[in-house]
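Enquirer: Structure incoming, see below.
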Amino acid sequence: MYDIAIVGAGINGCSVAYEFIQEGKSVILFDKEGVAAGGSGAAGAFISPKFSKSGELREMLDAAFSYSLNYYKTNFPRSFQASQLLHIAKDDKDDAMLGEYKKNPAFGLEEASQEVLDSLTETAKKREHISLNAAIVNAQSVCQEMSKSAKFVREKVENLRYDDGFWLINETYAAKEVVLATGAYEKVIKEPYIDVRGIWGHRVDVETSSQNPYSLHQFVSISKSSEKNGKNLLAIGATHNIHYHPDKNQESYDIEKGRAELLEKAAQTINLKDVKIIKDYTGLRSGSVDYMPLLGSLILSDETIKACGNRLQDKRISYDEFSYYPNLYIINGSGGYGFVLAPYLAKILKEYILSGKKIDKSIAPARYFARWARRRK
């Protein structure tokens, strides 16, 4: 019997595992492919804030950025690399937005060095930009470090059954609590109101003769240069294709076409010379339809509909009136900000499970159920 079982070993699942391991809990972690084998492994793992107008998502990402920057630096220094970030507008609309952001920035801004500005393309030089101190983490190694004290099972979870106070997993393993961190892959619990969209990610590690001292974000993300075995390496990645899903598309993802698109987009920002592809990483990320993550308890839809009836049409109905699965939770829908949000959300989830600290309604799965239930009529 384990204290907690986690289904999905991406950055969300591994962050939750680490939180509970630190509390002395026994943790079992499931993934059909391996630790950071999907969308998390394909991520550039840039730790940066969101540059946008004020709103719930920006406020959450501002808090998560500050928290996660210190979290990785303190707990996983071997997987952490400080890096000044240069964020460049894509178009006129972005120019205006970054101009407004500069008037009331959430963090201290830095001056970009002339060396970096000179390395940009002529088109990129004309765009508005913002620079601040940020970071990159090694996606694979940080997930491995987080989960190393958990029992890992390379197995697809196909059956969850609650029986007499605990969850039985694949009729073999037992846990008191279960967290679903499955991203946009097949749902273990098939509740109709849970709606996340798959976003295919692609990252390439390249060797180049060009030096890049900053992380660059524009049409794609380009990492700060690093040296390995005497070679100058950097990573280029993007949330790449909203139409491709490995479980739904009959054809395989076209790696060559994806590489070409990444390099073409990178070339709009910076002049890279003598580029040689070293390795590809691909995987599916999950985003929510309202862009806010999903965190907290799962609602039993049939039982709630029966119990609440027409009151579900009232937008003021309290989420406390809903019926919930016992000791079953979800962490999902972080989109392209998974490595920024995961440690922050995992801490909130731990405090909710162990101490009963409430989760904000803006990220609770109950919001999805409430909208879905009203649309049913």
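Enquirer: Can you name the residue in the stretch 225-236 that is modelled with pLDDT under 90 and in a strand (DSSP E or B) and is also least open to solvent (accessible area, probe 1.4 Å) among such residues?
Expert: Looking at residues that are modelled with pLDDT under 90 and in a strand (DSSP E or B), I get N232.
Enquirer: Please give the number of the condition S297 fails out of (1) open to solvent by 70 Å² or more (accessible area, probe 1.4 Å); (2) assigned to a strand (DSSP E or B).
Expert: (1)
Enquirer: Separate question: Please count how many residues of the stretch 152-170 are of a type outside the set (A, V, I, L, M), part of a strand (DSSP E or B) and more than 26 Å from the chain's Cα centre (by Cα).
Expert: 5
Enquirer: Examine the stretch 51-59 for a residue that is of a type in the set (K, R), assigned to a helix (DSSP H, G or I) and either open to solvent by 10 Å² or more (accessible area, probe 1.4 Å) or farther than 24 Å from L262 by Cα (or both), and state whether such a residue exists.
Expert: Scanning the stretch 51-59 turns up at least one residue that is of a type in the set (K, R), assigned to a helix (DSSP H, G or I) and either open to solvent by 10 Å² or more (accessible area, probe 1.4 Å) or farther than 24 Å from L262 by Cα (or both).
Enquirer: With the requirement that a residue be hydroxyl-bearing (S, T, Y) and either open to solvent by 70 Å² or more (accessible area, probe 1.4 Å) or not in a loop (DSSP other than H, G, I, E, B) (or both), what does the stretch 87-118 give you?
Expert: Within the stretch 87-118, Y101 is the sole residue that qualifies.
Enquirer: Additional query: Return the residue satisfying two criteria in turn: it lies in the stretch 171-224 and is open to solvent by 30 Å² or more (accessible area, probe 1.4 Å) and assigned to a strand (DSSP E or B), and of such residues it is farthest from P246 (Cα to Cα).
Expert: K176
Enquirer: Whether any residue in the stretch 126-133 is modelled with pLDDT under 95 and either over 26 Å from I363 (Cα atoms) or among the aromatic types (F, W, Y) (or both) is what I want to check.
Expert: No, the stretch 126-133 has no match at all.
Enquirer: Counting only residues that are hydroxyl-bearing (S, T, Y) and open to solvent by less than 30 Å² (accessible area, probe 1.4 Å), how many does the stretch 74-86 have?
Expert: 2
Listed here are the residues, each with its yes/no results for (1) touching a strand residue (DSSP E or B) at 6+ places or on another chain (Cβ under 6 Å); (2) closer than 28 Å to N232 by Cα; (3) of a type in the set (D, E, K, R); (4) touching a residue at least 24 places away in the same chain (Cβ under 8 Å).
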residue: A260; (1), (2), (3), (4): no, yes, no, no
residue: N271; (1), (2), (3), (4): no, yes, no, yes
residue: S297; (1), (2), (3), (4): yes, no, no, yes
residue: N310; (1), (2), (3), (4): no, no, no, no
residue: D314; (1), (2), (3), (4): no, no, yes, no
residue: Y319; (1), (2), (3), (4): no, no, no, yes
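Enquirer: Just name the residue that is nearest to the chain's Cα centre (by Cα) out of those in the stretch 127-151 that are of a type outside the set (A, V, I, L, M, F, W, C) and within 24 Å of I88 (Cβ to Cβ).
Expert: Looking at residues that are of a type outside the set (A, V, I, L, M, F, W, C) and within 24 Å of I88 (Cβ to Cβ), I get N133.
Enquirer: Restricting the search to the stretch 254-283, which residues are among the aliphatic types (A, V, I, L, M), surrounded by fewer than 21 Cβ atoms within 10 Å (Cβ to Cβ) and either on the phi > 0 side of the Ramachandran plot or assigned to a strand (DSSP E or B) (or both)?
Expert: I277, I278
Enquirer: Being open to solvent by 10 Å² or more (accessible area, probe 1.4 Å) and in a strand (DSSP E or B) is the filter; apply it to the stretch 135-151 and report the residue that is modelled with the lowest pLDDT.
Expert: I136
Enquirer: Only one residue in Y67, Y71, Y18, Y2 is closer than 22 Å to Y344 by Cα, open to solvent by 40 Å² or more (accessible area, probe 1.4 Å) and modelled with pLDDT of 95 or more. Which one?
Expert: It is Y67.
Enquirer: Also: Could you list, in sequence order, the residues of the stretch 338-352 that are closer than 15 Å to L294 by Cα and open to solvent by 20 Å² or more (accessible area, probe 1.4 Å)?
Expert: Result: Y344, K347, I348, K350, Y352.
Enquirer: Restricting to the stretch 323-337, and then to whatever is open to solvent by 10 Å² or more (accessible area, probe 1.4 Å) and outside any strand (DSSP E or B), can you tell me which residue is nearest to A5 (Cα to Cα)?
Expert: S323
Enquirer: T123 versus (1) outside any helix (DSSP H, G or I); (2) loosely packed, with under 14 Cβ neighbours inside 10 Å: which is the lone unmet condition?
Expert: Of the numbered conditions (1) outside any helix (DSSP H, G or I); (2) loosely packed, with under 14 Cβ neighbours inside 10 Å, the odd one out for T123 is (1).
The values are calculated or read from the model by the stated rules, or taken from the named source; none is laboratory data. Owing to the predicted nature of the structure, the values given are computational and were not obtained by experimental measurement. Cβ: placed from backbone, ideal geometry, glycine included. Neighbour counts: every protein chain shown. These area figures cover heavy atoms from the full protein model, side chains too; ligands, DNA and RNA do not enter into them. Shrake-Rupley method; radii C 1.70, N 1.55, O 1.52, S 1.80 Å.
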